[in-house]
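> Have a look at the structure that comes next, please.
The values are calculated or read from the model by the stated rules, or taken from the named source; none is laboratory data. From a predicted model like this one, the values you see are computed outputs, not experimental measurements. Cβ: placed from backbone, ideal geometry, glycine included. Neighbour counts: every protein chain shown. With ligands, DNA and RNA removed, areas are computed over all heavy atoms of the protein, side chains included. Shrake-Rupley method; radii C 1.70, N 1.55, O 1.52, S 1.80 Å.
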Amino acid sequence: MTTWIVTTEPEVSAAVDMAIGQTVGVIVGDAQIGGVDRAVRVETGGAPAEAMVPAVLEAVQAEPGDVILVINNAEGRVLAGALSASKNAPVLRGLRELGEGTAVLGRYGGITHEHVKFDGVVVGLVASGEIVEPAVDAELVGTSSYDVTVASEDIGVAVPVNLSAATRIVGVGRGFMNQEDLELARHLAQAIGGEVGCTRPLVEGHGWLERDAYLGVSGHTVAPELYISVGISGQIHHTAGIDESETIVVINNDETAAIFDFADYAIVGNLYEVLPKMVEALKK
């Protein structure tokens, strides 16, 4: 069995830890990775990683029973879809554990696990984790790509985040009344050295944050050391993406909110009162 790890970034520890059998890293771009038996590199030549799908498909020579783990970021989700379609491979969602021909998947927000068996190629999206040292020398493989042109530009001022690699995350939800109020969460994230993520309504409904900040089954599945949930009710689409966090702190003024079922520590209170006090205490 071979585990193929497809990535555009160097933080691959989560995939390396999960991999079994021989491990082959397929690097799209200039990242340096470690922890694999062999590494191959797809040079982009300045093109978007998504345009390198033909070269990636050539590089990943997966056989029945192999697993393709793709680092879960914007580019990775596109590559995972292409690999799934090309290899006629199902996507293992909520991947928790991996064995030879077996996998454990988180279901219903992590409240139960499903054990599955497979004998063909499968694809799984995993969080990036940390950098594994030392880096492995990578051999150059094909550079075939799709022809791409710039059709339009949508220039924003948002700061990109890498939630999959973050060790501390502040998650925000519909408890925030106005977009400018998100500064309270950003101040808290800054105080703990973390990043800000959000639930789907703040992206799709309000447009307050970029799509790459979305936490949940259709966005990032994360497992940080600390996750602070602020103003989030706890719908399954969100909790399925954060339930593997080591420590979960919940702040909500509704003591019956479902998110409290996942809390290691809980604060029932108004976020507009709680967050400034937390930031003040952290600065002392």
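> What about I33, is it touching a Ser or Thr at 6+ places or on another chain (Cβ under 9 Å), buried (at least 22 other Cβ atoms within 10 Å of the Cβ) and among the hydrophobic types (A, V, I, L, M, F, W, C)? Before you say what the answer is, go through the steps one by one.
On the way: touching a Ser or Thr at 6+ places or on another chain (Cβ under 9 Å): yes; buried (at least 22 other Cβ atoms within 10 Å of the Cβ): yes; among the hydrophobic types (A, V, I, L, M, F, W, C): yes.
Answer is yes for this residue.
> What do you reckon, is G94 open to solvent by 20 Å² or more (accessible area, probe 1.4 Å) and either of a type in the set (F, W, Y) or under 22 Å from R211 (Cα atoms) (or both)? Give the derivation first.
Working: open to solvent by 20 Å² or more (accessible area, probe 1.4 Å): yes; either of a type in the set (F, W, Y) or under 22 Å from R211 (Cα atoms) (or both): yes.
So G94 fits the description; yes.
> Could you please give the count of residues in the stretch 244-253 that are within 15 Å of V172 (Cα to Cα) and not polar (S, T, N, Q)? It would help to see each step written out before you state the result.
The first filter runs over the stretch 244-253 and keeps only residues within 15 Å of V172 (Cα to Cα), leaving 248-253.
Going one step further and asking which of them are not polar (S, T, N, Q), we end up with 248-251.
Of the residues in that region, 4 qualify.
> Given the criterion open to solvent by 30 Å² or more (accessible area, probe 1.4 Å), in contact (Cβ under 8 Å) with a residue 40 or more places away in the chain, in a loop (DSSP other than H, G, I, E, B) and out of contact with any Phe, Trp or Tyr (no Cβ under 8 Å at 6 or more places or on another chain), identify the matching residue among E255, E244.
Values: E255 fails: in contact (Cβ under 8 Å) with a residue 40 or more places away in the chain.
Residue meeting the stated conditions: E244.
> Keeping to the stretch 44-58, report how many residues are open to solvent by 10 Å² or more (accessible area, probe 1.4 Å), within 23 Å of the chain's Cα centre (by Cα) and not β-branched (V, I, T).
Residues meeting the conditions: 5.
> Okay, moving on. When only residues in the stretch 107-146 that are of a type in the set (A, V, I, L, M), more than 23 Å from L163 (Cβ to Cβ) and outside any loop (DSSP other than H, G, I, E, B) count, which is least open to solvent (accessible area, probe 1.4 Å)? Don't jump to the end; show me each part of the working.
Just the residues of the stretch 107-146 that are of a type in the set (A, V, I, L, M), to begin with: 111, 116, 121-123, 125-127, 131-132, 135-136, 138, 140-141.
Keeping just the survivors that are more than 23 Å from L163 (Cβ to Cβ) gives 116, 121-122, 135-136, 138, 140-141.
Cutting the leftovers down to outside any loop (DSSP other than H, G, I, E, B) gives us 116, 122, 135, 138, 140.
On the way: V116: 30, V122: 3, A135: 50, A138: 37, L140: 107 Å².
Applying the filter and picking the extreme gives V122.
> Go through the stretch 206-229 and give me each residue that's touching a Leu at 6+ places or on another chain (Cβ under 6 Å), of a type outside the set (F, W, Y) and either open to solvent by 30 Å² or more (accessible area, probe 1.4 Å) or assigned to a loop (DSSP other than H, G, I, E, B) (or both).
Initial filter on the stretch 206-229 (touching a Leu at 6+ places or on another chain (Cβ under 6 Å)): 208-209, 220, 222.
In the following step, the residues that additionally are of a type outside the set (F, W, Y) were identified as 209, 220, 222.
Across the stretch 206-229, the qualifying residues are L209, V222.
> Quick one: is Y265 at pLDDT 95 or above, farther than 30 Å from L125 by Cα, loosely packed, with under 15 Cβ neighbours inside 10 Å and of a type in the set (F, W, Y)? Don't jump to the end; show me each part of the working.
On the way: at pLDDT 95 or above: yes; farther than 30 Å from L125 by Cα: no; loosely packed, with under 15 Cβ neighbours inside 10 Å: yes; of a type in the set (F, W, Y): yes.
Here the answer is no, as Y265 does not meet what is asked.
> Residues in the stretch 11-22 that are open to solvent by less than 10 Å² (accessible area, probe 1.4 Å) and closer than 14 Å to A135 by Cβ: how many? Full working, then the answer.
To start, the set of residues in the stretch 11-22 that are open to solvent by less than 10 Å² (accessible area, probe 1.4 Å) comprises 12, 15.
From what is left, the residues that are closer than 14 Å to A135 by Cβ are 12.
Selection size over the stretch 11-22: 1.
> Out of the residues in the stretch 157-175 that are open to solvent by 80 Å² or more (accessible area, probe 1.4 Å) and in contact (Cβ under 8 Å) with a residue 24 or more places away in the chain, state the one that is farthest from the chain's Cα centre (by Cα).
Among those residues, the one meeting the criterion is R174.
> Tell me which residues, restricted to the stretch 176-205, are open to solvent by less than 30 Å² (accessible area, probe 1.4 Å) and part of a loop (DSSP other than H, G, I, E, B).
F176, G194, T199
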